[in-house]
1. Among the residues of segment 270-286, which ones are charged (D, E, K, R) and loosely packed, with under 14 Cβ neighbours inside 10 Å?
2. Residue by residue through segment 352-377, note down the ones that are in contact with a Ser or Thr (Cβ under 7 Å, 6 or more places away or on another chain) and either away from ligand 1 (no atom under 15 Å from the Cβ) or under 23 Å from residue 423 (Cα atoms) (or both).
3. Does residue 180 meet the test of being under 22 Å from residue 287 (Cβ atoms) and among the hydroxyl-bearing types (Ser, Thr, Tyr)?
4. Could you please find all residues in segment 120-143 being in a helix (DSSP H, G or I), open to solvent by less than 10 Å² (accessible area, probe 1.4 Å) and not small (Gly, Ala, Ser)?
5. Can you tell me which residue within segment 326-360, out of those that are assigned to a helix (DSSP H, G or I), among the polar types (S, T, N, Q) and open to solvent by 10 Å² or more (accessible area, probe 1.4 Å), is nearest to ligand 2 (Cβ to nearest atom)?
6. From the list 316, 334, 306, which residue is closer than 23 Å to residue 260 by Cβ, in contact (Cβ under 8 Å) with a residue 40 or more places away in the chain, under 20 Å from the mean Cα position of the chain (by Cα) and away from ligand 1 (no atom under 14 Å from the Cβ)?
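The values are calculated or read from the model by the stated rules, or taken from the named source; none is laboratory data. All of these numbers come straight from a predicted model, not from anything done at the bench. Methodologically, a virtual Cβ is constructed for each residue, glycine included, from the backbone with ideal geometry; neighbour enumeration extends over all protein chains shown. We work out accessible area using only protein heavy atoms, side chains counted, and drop any ligands, DNA or RNA first. Shrake-Rupley method; radii C 1.70, N 1.55, O 1.52, S 1.80 Å.
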Amino acid sequence: MSKKILLDKINVPGIKTYEVYRKEGGYASVEKAIKAMTPDEVVEEVKKSGLRGRGGAGFPAGMKWSFIDKKSGKPRHLVCNADESEPGTFKDRYLMEFIPHLLIEGMITSSFALGANLSYIYIRGEYMWVFKILERAIAEAKAAGWLGKNILGSGYDLELHVHCGAGAYICGEETALIESLEGKRGNPRIKPPFPAVSGLWANPTVVNNVETIASVPWIINNSGDDYAKIGIGRSTGTKLISASGHVKNPGVYEIELGLSVDEFMNSDEYLGGMSSNRPLKALVPGGSSVPILPANLIFKTANGEDRLMTYESLSDGGFATGSMLGSGGFIVYDDTACVVRNTWNFARFYHHESCGQCTPCREGTGWLEKVLWRIENGQGREEDIDLLWSIQSKIEGNTICPLGDAASWPVAAAIRHFREEFEYHVRFPERIKNRNHFVAEP
Ligand code: NAD
Ligand code: SF4
């Protein structure tokens with residue numbers, strides 16, 4: 001049984017409310033941090049924990065916190081990125097919906113560490129009911145004296161607001177989120193400067209994912225060293241995984257990092273194997289942005305090592321960098337799934353969500369969608385597969401923000417591992433047309 005530190009209380013009746021959450025030991029980390037620690041000591045514990053960003057990039061959280069300039073005299077901010085929109089990812093919603101005070105507690109402890117007096121939770125527009133849950137939790141925390149002026153008589157003040165987006169995936173990119181919070185169109189900024197130097201209203205700002213911030217109370221209540229003992233190597237702690245697709249038990253799971261993919265997929269404690277009793281065909285291990293793995297690379301790496309649920313182990317070998325654990329969106333496909341159709345579906349999404357600022361992304365995502373559409377609909381040409389490869393290679397690395405890479409990687413990986421399926425679509429268009437899933441032309 002994996003250790004649980006985020007979801008251990010999720011089944012306690014009434015844990016959504018302040019009273020029950022507090023009775024179960026909630027807000028202890030705020031008390032400990034404010035009464036017994038300095039802000040720098042809190043940062044030090046998070047550094048020691050090895051906690052890495054749970055939104056997708058896996059950047060060390062304590063290191064990000066230590067980049068904040070505390071000497072400039074400018075106000076500082078903590079912004080929680082709750083704009084969870086990566087296809088296949090729904091774990092932050094689960095946390096916020098069922099144990100909202102864990103996030104509020106993490107926001108207060110983390111804001112104290114950063115010396116932030118004004119912090120925000122930016123939540124995606126489609127999560128309106130969760131927005132209301134958070135608003136209520138913030139009001140309860142404020143009424144109980146955990147927010148506002150002079151918290152616990154310490155002289156530390158904190159205002160916390162929850163802000164609702166308007167339904168744009170790109171506002172999950174941290175600088176687009178900041179633009180949106182400032183009341184502007186959510187266009188990503190060029191980095192550097194990173195938000196830690198110049199973020200919200202040009203003030204030093206840390207942007208962290210919901211799950212990252214929700215992990216902070218446990219670290220402070222126990223210790224950074226204790227957290228670092230959970231997990232494996234540089235993948236410390238636990239991770240929430242949103243599992244979907246052709247498995248018996250889809251849902252949100254908290255796993256200890258380092259669990260084998262085989263155990264996660266096949267044991268009854270987790271996904272319980274394939275729902276269909278059909279063969280496993282492919283896996284997208286970390287949300288739509290990360291490369292798809294074919295069946296022969298799911299349980300073992302290309303080197304024959306066991307594939308583990310870690311930041312390091314889930315790459316398909318095609319790219320040297322990037323965290324392939326991504327946002328933890330674990331999508332399983334059996335042999336009835338069409339990789340071309342799936343790739344087209346992802347491409348359509350990225351084209352729709354591109355903000356349009358840079359040419360390779362704005363134009364390239366459109367071309368990826370169009371060419372994939374014609375292959376999927378039996379109108380593909382032999383040369384289209386190389387054309388797709390060429391388009392994706394011209395997007396990757398040539399854009400302002402990672403949406404460009406996110407659009408190109410799934411296409412590259414699908415061609416790399418399933419080229420024969422693309423060729424089949426081109427060579428046998430009549431068989432493809434008869435599958436009765438014709439899709440509207442872009
Ligand atoms: P990134 O690697 O550019 O940055 C990671 C974090 O580290 C950022 O907060 C950045 O400001 C900080 N950072 C990096 N270098 C720094 C430096 N030198 N100084 C100060 N700060 C520094 O990645 P990103 O754009 O934050 O995230 C991309 C990831 O987001 C992708 O891997 C994708 O999986 C994920 N994603 C998740 C969702 C979701 O719904 N959870 C949606 C879209 C994308
Ligand atoms: Fe906008 Fe795409 Fe450029 Fe990102 S990569 S800034 S989404 S056009």
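1. 278 - this is the single residue of segment 270-286 that is charged (D, E, K, R) and loosely packed, with under 14 Cβ neighbours inside 10 Å.
2. So in segment 352-377, the residues in contact with a Ser or Thr (Cβ under 7 Å, 6 or more places away or on another chain) come out as 354, 358, 360-362, 365, 372.
Within segment 352-377, 360, 362, 365, 372 meet the criteria.
3. In short, yes.
4. Of all residues in segment 120-143, those in a helix (DSSP H, G or I) come to 125-143.
From what's left, open to solvent by less than 10 Å² (accessible area, probe 1.4 Å): 130, 134, 137, 141.
130, 134, listed by residue number.
5. Going through the qualifying residues, I end up with 359.
6. Every option except 316 fails the conditions.
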